[in-house]
């Protein structure tokens, strides 16, 4: 399967993620005041930071709006954040213009029905292991790891290794 997608992966210039179920495990936790709490994976976060080092832009497209997402995006220096984006296809079209890229140059990682419109368009469409069956139908690749548990890092490493950039990234940590 990887041979079939390597051509797609080599074109990637922008890495786009959904949040709930991808950057997180899909749980939405709230305290007694209704304030939302999300759990993010630190290895996924490092993977997102490594993409920047490799010259790949990052973005979030999420159908929900959350202060937690804004804070995490700022912390990780994510280039563009689209919240309350439904349908997601409108945000995706804006993203293509914003980064001046074609659909073929975008990786999108999603997990559920609101993601299908973008999965159908992305040059490299990824569904996390715990994605809905319907979302998986449109993926070029399904991760071994679940959302919020290393799926993003898995895809980051796959992209950078396929593009021949991983060795350089490793050298920066030695």
Inset, instruction - From the C-alpha gyration tensor of region 51-108, pull out the three semi-axes of the equivalent ellipsoid (sqrt of 5λ each), sorted largest to smallest, in whole Å. - result: 18, 17, 7
Inset, instruction - Enter the per residue convex hull volume of the chain, computed from alpha-carbon coordinates, in Å³ rounded to the nearest integer. - result: 107 Å³
Inset, instruction - Would you please give the FRET efficiency between residue 174 and residue 75, computed as 1/(1 + (r/R0)^6) with r the Cβ-Cβ distance and R0 = 30 Å, to the nearest 0.05? - result: 0.75
Inset, instruction - Have a look at the DSSP beta bridges in region 2-171 and tell me what percent are antiparallel, nearest 5. - result: 10 percent
Legend entry - For region 125-174 and region 41-56, distance of Cα centres in Å: 11 Å
Legend entry - Fluctuation leader among 17, 39, 30 - the chain, Gaussian network, Cα springs under 10 angstrom: 30
Inset, instruction - Would you look at the GNM of the chain, springs on alpha carbons closer than 10 Å, and say which of 101, 14, 118 moves the most? - result: 101
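We did not get these values from a lab; they are worked out from the coordinates using the rules stated. Just so we're clear, the structure is a prediction, and the values are computed from it rather than from any experiment. In this analysis, Cβ positions are derived from the backbone assuming ideal geometry, glycine residues included, and neighbour counts consider all displayed protein chains.
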